[in-house]
Amino acid sequence: MFDPDGTFKRSFGSLGTGDGEMEGPTALTIDGNGNIIIADFYNHRVVRHTGEGDFISAWGLPDDVGIGIDKFNYPLDVITSRDGELVYVLDSGNDRIKVYGSDGEYKFKWGGPFAYNSLITYFHWFPFDGWFADPKSLAIDKDGKIYVGDWSNKRIQVFLEDGTFVTAFGAEDENEFGGIGGIDVADDGSIFVVDEVKRTVQKWQYRPVD
């Protein structure tokens, strides 16, 4: 934890599976109450801490990987809604997005598991809207739209906060994305994409379709 000027303040957490411990944390976000929500990747769970780093609770259990609604399979990214009341978890191994209240209450999901159809790849069919194949990144814009980096489908999908599909881009031309590793959206609508395969940063502009 650092001050805005970069001065180190403190750290929290250690290697393990107990309360306050993590293994391979990959992303964090801040909810509307100032709590820190962390994707605890190798423990297959999401953990919640106070703004000072004190452990509050965990969603999911270490080594209890699965497809059930109370389970995760390598949660990779996490973001909050603009009002801080909803937490979106990228349950990457299950090819889905799970949504919780900031108190940890499960709300809804979309995507997998088993939403990825291998025939799409074999026959080169265009991937279906709202389906994911190895999603690796999440972002949210100032209007609350959710952006999902759909790695193996080489595209970005855009959704409303309730999971309603809006649009997708990238998959029509396989040369546009090699592997989407990160996304961020500026207030002017510019979409910045880290392409891990091409080793580039791309800039896109979202334009609603009439």
Within segment 43-52, considering residues that are modelled with pLDDT of 95 or more and over 15 Å from the mean Cα position of the chain (by Cα), the one nearest to GLU23 (Cα to Cα): ASN43
Residue in segment 165-188 that is touching a Leu at 6+ places or on another chain (Cβ under 7 Å), under 18 Å from LEU90 (Cβ atoms), at pLDDT 90 or above and surrounded by fewer than 17 Cβ atoms within 10 Å (Cβ to Cβ) present: yes
Within segment 1-99, strands (runs of 3 or more DSSP E) holding 3 or more residues that are touching a Leu at 6+ places or on another chain (Cβ under 7 Å): 36-40, 75-80
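The values are calculated or read from the model by the stated rules, or taken from the named source; none is laboratory data. Everything numeric here is computed off the predicted structure, so don't read it as measured data. Note that we place each Cβ from the backbone using ideal geometry, even for glycine, and neighbour counts take in every protein chain shown.
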